[in-house]
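Just so it is clear, none of the values below were taken in a lab; they were calculated from the coordinates. Bear in mind the structure is a predicted one, so any value in this text is a computation, not a measurement. Quick reminder, even Gly has a Cβ in these numbers, built from the backbone with ideal geometry, and neighbours come from all protein chains shown.
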Amino acid sequence: QMNADLIVVGSGFFGLTIAERAANELGLKVLVVDRRDHIGGNAYSEADPETGIEVHRYGAHLFHTSVESVWQYVNRFTSFTNYQHKVYTNHKGVVYPLPINLGTINQFFGAAYGPDEARALIASQAGEFNVSDARNLEEKGIALIGRPLYEAFIRDYTAKQWQTDPTELPAEVISRLPVRYTYDNRYFNDTYEGLPVKGYTNWLENMADHPNIEVKLGVDFFDESQPINKKAVVGQVPIVYTGAIDRYFDYAEGELSWRTLDFEREVLPIGDFQGTSVMNYADRDVPYTRIHEFRHFHPERREYPTDKTIIMREFSRFATREDEPYYPVNTPGDRDGLLAYRGLQDGEKNVFFGGRLGTYKYLDMHMAIGSALSMFRNKLSPLFGGPEGDG
Ligand code: FAD
Ligand code: NA
């Protein structure tokens, strides 16, 4: 009845990397199921019907990595543009570069400090609290960068992201607040960065393009009314599961908490709305955290219209069970729950938990791909009699 050597639940980067390796390296027949009506998980993108501009449906995705093996691997499926990500923020109607750098500092204080002067100023302002004494996020933020910069660029933005006043957020939510004492405002520091020339969905489809890989969309792994479901297949065939770990165990150890995002798209009758791809809104009186303008991710695409643009406002809030889970909240209760689920997971023979939802960890794309490559090498390949370990 079931014509597959391996079932992969979830067609995001983790699941597709496993499927591609299993088919190409071991010659296995792989069945990938996803409950959504498209492949690719959260990295999925689509052409906006009105403008033709590529929109990242689940939020802007920037590819970057310093891991050579991951870079080699992803280049089998797509080539990359030379896009370099930069972010700006609007505070009280003035636009500043991020992450906080010498340009931000000089613009904010109306000064022309050199690196050492700026460092001394921030150190004196940060003296109000010691990092080790900070009892909440606000005190830690002030201890790290001083009150003026914290209040302008961190306080309200963080409150909007968490729907919680920073004085009520644990200090651990931020480990550091990078300040650069140069004018470099490249967002990422990685060796490799770029966007897929033909878009994310083309890249993801290329990964799944193999005669041994079958992708079934619109299939929820917990829906017992269809043939491929947890009850029917666990124990019959090895499974790589990239859905939510608490859902797999029917929330037996409680629900893990997530933040989600709401997106509002708008097509505007102008060629360029904000002159850049991402503009943050630092202040509390603006309800959204940022605006994406997708045309700026691909300045090289001559086919984009010059009289229309598409923007997307992003709003942040806590997720309910019905929402898309985006960022793990990671409360102490969540950490206990995760440990309990990891214990249960050990009892599931030949079910391998991976990816963002399966491990309850925020993973960048290159991390999801990298951890799938190592799960393949270290667990799946030996299970099927293939080579093990690095090399
Ligand atoms: P996902 O992409 O979430 O895929 C999991 C798949 O499993 C989904 O398709 C889901 O439908 C499916 N699934 C779940 N439950 C079931 C079920 N019961 N039955 C069947 N199918 C199921 N990374 C970067 O590197 N750069 C960025 O700029 C970046 N920006 C991001 C912005 C946002 C808002 C978010 C949320 C993430 C961002 N990421 C970014 C991270 C990136 O999205 C992840 O690294 C990547 O999606 C992880 O892939 P995955 O396969 O683990 O999970
Ligand atoms: Na300090």
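From the P(r) of the range 151-190, could you give the percentage of C-alpha pairs in the tail past 15 Å?
The calculated P(r) of the range 151-190 puts 53 percent of pairs beyond 15 Å.
Could you work out the helix-only [θ] at 222 nm for the chain, with each DSSP H run of four or more residues adding -39,500 (n - 2.57) and the total divided by the number of residues, to the nearest 500 deg cm²/dmol?
Calculated from helices alone, the mean residue ellipticity at 222 nm is -7500 deg cm²/dmol.
Given the alpha-carbon gyration tensor of the range 170-262, what are the semi-axes of its equivalent ellipsoid in whole angstrom, ordered largest first, with each equal to the square root of 5 times an eigenvalue?
So the three semi-axes of the range 170-262 are 37, 25, 11 Å.
Which FRET efficiency value, to the nearest 0.05, is calculated for GLU117 and PHE273 with the Förster distance at 35 angstrom and r the Cβ-Cβ distance?
Efficiency for this residue pair is about 0.45.
Count neighbours as other Cβ atoms within 10 Å of each site's Cβ, and list the chymotrypsin sites (Phe, Trp or Tyr not before Pro) in the range 195-245 that are DSSP loop with at most 15 such neighbours.
Passing both the DSSP loop test and the Cβ count: PHE222.
For the chain, how many pairs of lysine residues have a Cα-Cα distance under 22 Å, where the two are 8 or more positions apart or belong to different chains?
Going through the chain pair by pair, I get 18.
Please report, for the Cα atoms of the chain, the Rg to one decimal and the Dmax as a whole number; what are they, in angstrom?
According to the Cα coordinates of the chain, Rg and Dmax are 22.7, 73 Å.
Along each of the three principal axes of the Cα atoms of the range 276-391, give the extent in whole Å, ordering the values from largest to smallest.
Sorted from largest, the Cα extents of the range 276-391 read 57, 40, 22 Å.
One quarter of the convex hull surface, Cα atoms only: what value does that give for the range 1-132 in nm²?
Average of the hull's projected areas for the range 1-132 equals 15.4 nm².
Give the range of the longest stretch in the chain that excludes all GluC sites (Glu not before Pro) found in loop regions by DSSP and having at most 16 other beta-carbon atoms within 10 Å.
129-223
What is the spin-label model distance, in nm, from ASP262 to ASP250 if the labels are put 7 Å beyond Cα along the C-beta direction?
That separation, rounded to one decimal, is 3.3 nm.
Give the distance, in whole Å, between the Cα centre of the range 72-91 and the Cα centre of the range 153-168.
Their Cα centres are 28 Å away from one another.
Roughly how many nanometres apart are two label points built 7 Å out from the Cα toward the Cβ at LYS379 and VAL197?
About 3.5 nm separates the two model spin labels.
Whole number please: convex hull volume per residue, Cα atoms of the range 337-384, in Å³.
Normalising the Cα hull of the range 337-384 by residue number yields 70 Å³.
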